[in-house]
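Beneath this line is the structure, given in structure tokens, with notes to follow.
Each reported figure results from applying straightforward, stated rules to the coordinates on display, with no laboratory input. Since this is a predicted model, take the numbers as computed values, not measurements. Glycine also receives a Cβ, built like all others from the backbone with ideal geometry; neighbour counts cover every protein chain displayed.
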Amino acid sequence: MWAVTSPTGIHAVKARSTFRMQCSVSADIQAPPEKIWALLTRADDMVRWNSTLTSIEGNIELGGTVRMKVPEAPDRTFTVKVTKFVPNTEMVWRDGNPVMFLGVRTYSLTPNQVGTGTRFQMTEEFSGIMLPMIAGRLPDFGPIFERYAADLKAEAER
């Protein structure tokens, strides 16, 4: 496991074992959870402020399906299912098969102690028996997640 904190205060952590790979990023954002949640759940506006996406569509709600494209894989559409949705607090996206290859992304928002901002955290975990064969083809999620968190922070604090 290793961690990096950028000058902007954005903190990335990565860990890997044979059948599990995880990357997390966190940032302190000077905005209330409701404002950040609105940014995280409005697919129709996300590409405007999020440089880690080239397109996104779908319903970001419990049971909703979201389809997105990213610059790192321009010819591939990723389709995820929203499996947990607690407004202004937590959201989980899943894709894949729990035995073969599964990706789970968790978004968390926690108001800070002083009430002037929010701790944003996003964690992506990959697991399954196919991971050792696929891991070498996956991008380094650390810089991508740091860029995502920086984009979210900038937009929420605007």
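When restricted to Cα atoms, the chain yields an Rg and a Dmax of 15.2, 46 Å, respectively.
Our coupling estimate for region 91-106, obtained by passing each phi through the Karplus curve with A = 6.51, B = -1.76, C = 1.60 and θ = phi - 60°, is 9, 10, 10, 10, 8, x, 10, x, 8, 6, 7, 10, x, 10, 10, 10 Hz, Gly and Pro reported as x. Per residue of the chain, the DSSP helices (runs of n ≥ 4 H) give a summed -39500 (n - 2.57) that works out to -6500 deg cm²/dmol at 222 nm. Sorting 133-141, 25-33, 91-99 by their mean Cβ neighbour count within 10 Å, with the most densely packed peptide first, gives 25-33, 91-99, 133-141.
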